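Engineer: My questions all concern the structure below.
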Amino acid sequence: MKKLKLKYNFKKFPYEIINNSNCILSYILDNCGLNLSDCFFICDKIVFHKYIINSKFYKINKDKIILSLVPGKKDHKNFKSLIKIYKALDKNNCPRDINIIAIGGGVIGDIGAFAASTWYRGTNLIHVPTSLMAMIDSSIGGKTAINFQKKINSIGTFYDQNKTICNIGFLKTLPNEDYLSAFSETIKVALLKSPSLLNKLVNNPKKIKTKDPMFLMEIISKSVIIKSKLINDDWRDLNKRMILNFGHTFGHAIEVSVLKSKNSHYYNHGMGVGLGILAALKYSSILFEKNYFFEKKIKMISNFFKTLGLDNKIISKKFKFHNKIDLANKIYSNMLKDKKRSFSGIRLIYLKNNKNAAIDNKPLKKDIMNSILSIID
Ligand SMILES: NC(=O)c1ccc[n+]([C@@H]2O[C@H](COP(=O)([O-])OP(=O)(O)OC[C@H]3O[C@@H](n4cnc5c(N)ncnc54)[C@H](O)[C@@H]3O)[C@@H](O)[C@H]2O)c1
């Protein structure tokens, strides 16, 4: 077990990492000193069936547990799921001092936190992340959201959790592509602030693939500490915190531009961000006139993704684009809709060196297009 106290926004946040295979519900109650009647659980449907429904604790207490099940898929991160949660809160007459406990990946965490931030203007919130993405990123920092009209995270609030309980035992059933693609977020914080974390990641693909528990505990704790330091004095994401968006403007646009079928995206959040990081590194390299430092980083991270079996290029023909330019134009037009844009246009984060990044408020279209084209085949 590892107990961290993350500090940001003038508060301290307990973040506990455990490796537990017992029923998570009884662990949460014991650990937080709560009774079942104090809690409203919002749980990922898959996680519920894999970890909760067959537990002795659930079978004994079934009638006393207030629970709303939501599919952890991004097309369920919407008003419909939120209203389902509000209806359950209402039906069970949940008061303002209810503890909302979000058990799931980033989708459940973001909706659960949104519900907690709005139910009677704010209830207690405990995050129990079950995906790596949620463990290292979405279960800290206070961003809540739902998607709206195909725009990712376009409706949301800032609202802090009281505690995060991170059980790496959940990772054993997380689909491989969700698990591996989440490493893009650790790569991002490592590029921004920690060369030693970056080396640790790229040099240990075996420990990553085998889900080595000690290694994971170290990577998760280092990542959340870096994130909490970056958001410390800019919780509302107005300046310093924005560098955490490194690779995301490209990444979100890639995610929505490349379709598997009419209504479903080919890349998940982590995969989009991974490719976005490569494009953002290329953008940094263009700004610094193809500096060797960036070209070396691009090669290193591209190889790392390849070793994990993740895409480091988008094959335009595979997605029925006539050519590379058509796909690049589509990604560029989706970048223009990015929520972090300013009135004057796209805002891009670029890396300056091993530990510093900055915001470019007036990026040139030709540089953005060249960066996108560098990740398309
Ligand atoms: N609030 C933030 O700061 C922040 C940061 C990063 C990402 N996000 C959001 O997080 C979401 C992505 O999160 P994600 O990658 O966790 O996706 P997700 O929540 O969709 O989970 C991925 C898949 O894994 C399943 N799953 C989760 N845990 C499992 C487990 N232990 N075993 C088996 N299956 C499991 C889910 O049902 C889902 O099918 C996006 O919506 C993104 O916008 C938010």
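Every read-out reported here was derived from the displayed coordinates using simple, explicitly stated rules and does not represent laboratory data. These numbers come from a predicted model, not from an experiment. Cβ coordinates were reconstructed from backbone atoms using ideal geometry, including for glycine residues, and neighbour counts include every protein chain displayed.
Engineer: Say we join alpha carbon atoms closer than 10 Å with springs in a Gaussian network model of the chain; which of S302, S221, S55 then has the biggest fluctuation?
Structural biologist: Highest fluctuation of the listed residues: S55.
Engineer: Taking the chain as a Gaussian network, where each spring joins two C-alpha atoms under 10 Å apart, which residue of D38, D326, D75 fluctuates the most?
Structural biologist: D326
Engineer: To make sure I understand, if each residue's beta carbon is the centre and we count other beta carbons within 10 Å, what order do H265, H252, H49 fall in, fewest to most?
Structural biologist: H49, H265, H252
Engineer: Treating only the Cβ atoms of Lys and Arg (+1) and Asp and Glu (-1) as charged, compute the dipole magnitude of the chain about its Cα centre; round to the nearest 20 debye.
Structural biologist: Charge dipole of the chain: 540 debye, to the nearest 20.
Engineer: Another question, if that's okay. Please give, to one decimal in nm, the separation of the simple spin-label points placed at N370 and F288, each 7 Å out from Cα toward the Cβ.
Structural biologist: Between N370 and F288, the simple spin-label model gives 1.6 nm.
Engineer: Would the range 1-103 count as rounded, prolate or oblate if I go by the C-alpha gyration tensor, calling it rounded below 1.5 in a/c and otherwise prolate when a/b exceeds b/c, oblate otherwise?
Structural biologist: Verdict is rounded for the range 1-103.
Engineer: Among residues other than D110 whose Cβ falls under 11 Å from its Cβ, what is the net charge (Lys/Arg +1, Asp/Glu -1)?
Structural biologist: Counting the neighbours of D110, the net charge comes to +2.
Engineer: For the range 2-173, what class follows from the C-alpha gyration tensor (a ≥ b ≥ c being the square roots of its eigenvalues): rounded when a/c is under 1.5, otherwise prolate if a/b is larger than b/c, else oblate?
Structural biologist: Since a/c stays below 1.5, the shape of the range 2-173 is classed as rounded.
Engineer: Under 8 Å for C-alpha pairs, at least 6 residues apart: give me the relative contact order for the chain, rounded to a whole percent.
Structural biologist: 14 percent
Engineer: Which residue, chosen from Y266, S81, V224, occupies the Cα position most advanced towards the positive end of the dipole of the chain, where the dipole is computed from +1 (Lys, Arg) and -1 (Asp, Glu) charges on Cβ about the Cα centre?
Structural biologist: Ranked along the dipole, the leading option is Y266.
Engineer: How many percent of DSSP beta bridges within the chain run antiparallel, rounded to 5?
Structural biologist: About 45 percent, rounded to the nearest 5.
Engineer: With a 10 Å Cβ neighbour count serving as the proxy for reagent exposure, in which order, fewest first, do L373, L201 appear?
Structural biologist: L373, L201
Engineer: Net charge near I83: determine it from the other residues with C-beta under 15 Å of the C-beta of I83, scoring Lys and Arg +1 and Asp and Glu -1.
Structural biologist: Residues close to I83 contribute a combined charge of +4.
Engineer: Let's test the formula: R0 of 30 Å, r as the Cβ-Cβ distance of S55 and N35. What FRET efficiency results, to the nearest 0.05?
Structural biologist: 0.95
Engineer: Report, for the range 1-76, the % of DSSP beta bridges that are antiparallel, rounded to 5.
Structural biologist: The answer is about 65 percent antiparallel.
Engineer: Let me ask something additional. Could you give log10 I(q)/I(0) at q = 0.07, 0.09, 0.11, 0.13 Å⁻¹ for the chain, computed by the Debye formula over C-alpha point scatterers of equal weight, without solvent?
Structural biologist: At q = 0.07, 0.09, 0.11, 0.13 Å⁻¹ the computed log10 ratios are -0.30, -0.50, -0.75, -1.04.
Engineer: Based on DSSP, what percent of beta bridges with both residues in the range 2-173 are antiparallel, to the nearest 5?
Structural biologist: 35 percent
Engineer: Post the alpha-carbon centroid distance, the range 303-377 to the range 95-167, in whole angstrom.
Structural biologist: Answer, in whole Å: 28.
Engineer: Something else: May I ask you to list the lysines whose Cα is less than 18 Å away from that of K2, ignoring any residue fewer than eight positions away on the same chain?
Structural biologist: The reachable lysines, counting only those whose Cα sits under 18 Å from K2, are K12, K163, K211, K222, K227.
Engineer: From the square roots a ≥ b ≥ c of the eigenvalues of the alpha-carbon gyration tensor of the range 171-286, which class results: rounded (a/c under 1.5), prolate (a/b over b/c), or oblate?
Structural biologist: oblate
Engineer: Tell me the mean residue ellipticity at 222 nm calculated for the chain from its helices only (DSSP H runs of n ≥ 4, each -39500 (n - 2.57), averaged over every residue, nearest 500).
Structural biologist: -12500 deg cm²/dmol
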